[in-house]
Amino acid sequence: MAPAAHVSAVRSLYKRILLLHRFMPIDLRALGDQYVKDEFRRHKTASAEEARLFMAEWQNYKDTLQTQVLEAVGNKKLAFGSELSEEKLKDLQDEQIGQLYELMLESTKPNRQFDIQEEGTPK
């Protein structure tokens, strides 16, 4: 892929993911947005092969999230996430497993670090 086309594809995917995060509860949205921003920033200098894998995984995330949002339109109840197969888990590096574990802890704890309120909610 030509450099300009790659940059365009990365930017488009990044923006689409942040747009889909708007459908998440506010605390999960803040956590997800920060994680996406950090990961995309961290991979700016990735090798071609790492960039290809990175884009494929984030495209899968975007597709999964988009499906979940569309399915929830009439239900008024959003359910996010999916199971991580043992095969995919084996492919992760130790650092990635650590990040995944930290993300799981942060997203499931009752008192998340974010004290964010919906717009219009009194503080």
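Ignoring ligands and nucleic acids, what accessible area does Ser47 show with a 1.4 Å probe (Å², nearest 10)?
Accessible surface of Ser47 is approximately 60 Å².
For the chain, find the longest principal axis of its Cα atoms and tell me its angle to the long axis of helix 3-21, 0 to 90°, nearest 10.
20
So what's the angle, to the nearest 10 degrees on a 0 to 90 scale, between helix 48-72 and the longest Cα principal axis of the chain?
The two axes meet at around 30 degrees.
For the range 42-86, which chymotrypsin sites (Phe, Trp or Tyr not before Pro) are in a loop by DSSP, counting at most 10 other Cβ atoms within 10 Å? Please list the in-between numbers first.
On the way: sites: Phe54, Trp58, Tyr61, Phe80; in loops: Phe80.
Those that pass, being in a loop and sparsely packed, number zero.
Only one of the values [x] 0.98; [y] 1.42; [z] 1.47 was calculated from this structure for Rg/Rh (Cα atoms, Kirkwood Rh); name its label.
Recomputing Rg/Rh (Cα atoms, Kirkwood Rh) here gives the entry labelled [x].
Would you mind calculating the relative contact order of the range 1-108 from Cα pairs under 8 angstrom and at least 6 residues apart, reporting the percent as a whole number? Numbers along the way, then the final one.
Working: 35 pairs, mean separation 27.7, N = 108.
Over the range 1-108, the number comes to 26 percent.
Probe 1.4 Å, all protein chains in place: accessible area of Lys37 in Å², nearest 10?
My reading of the accessible area for Lys37 is about 70 Å².
Rounding to the nearest 10 and keeping the result within 0 to 90°, find how far the Cα-based axis of helix 94-108 lies from the longest principal axis of the chain.
10
Restricting to DSSP H runs of at least four residues, report the calculated mean residue ellipticity at 222 nm for the chain, -39500 (n - 2.57) per run over all residues, nearest 500 deg cm²/dmol.
Numbers: 5 runs with 82 residues, N = 123.
Rounded to the nearest 500, it is -22000 deg cm²/dmol.
The values are calculated or read from the model by the stated rules, or taken from the named source; none is laboratory data. For clarity, every value in this text was computed on a predicted model and none was experimentally measured. All Cβ positions, even for glycine, are placed from backbone atoms using ideal geometry, and neighbour counts span all protein chains on display. With ligands, DNA and RNA removed, areas are computed over all heavy atoms of the protein, side chains included. Shrake-Rupley method; radii C 1.70, N 1.55, O 1.52, S 1.80 Å.
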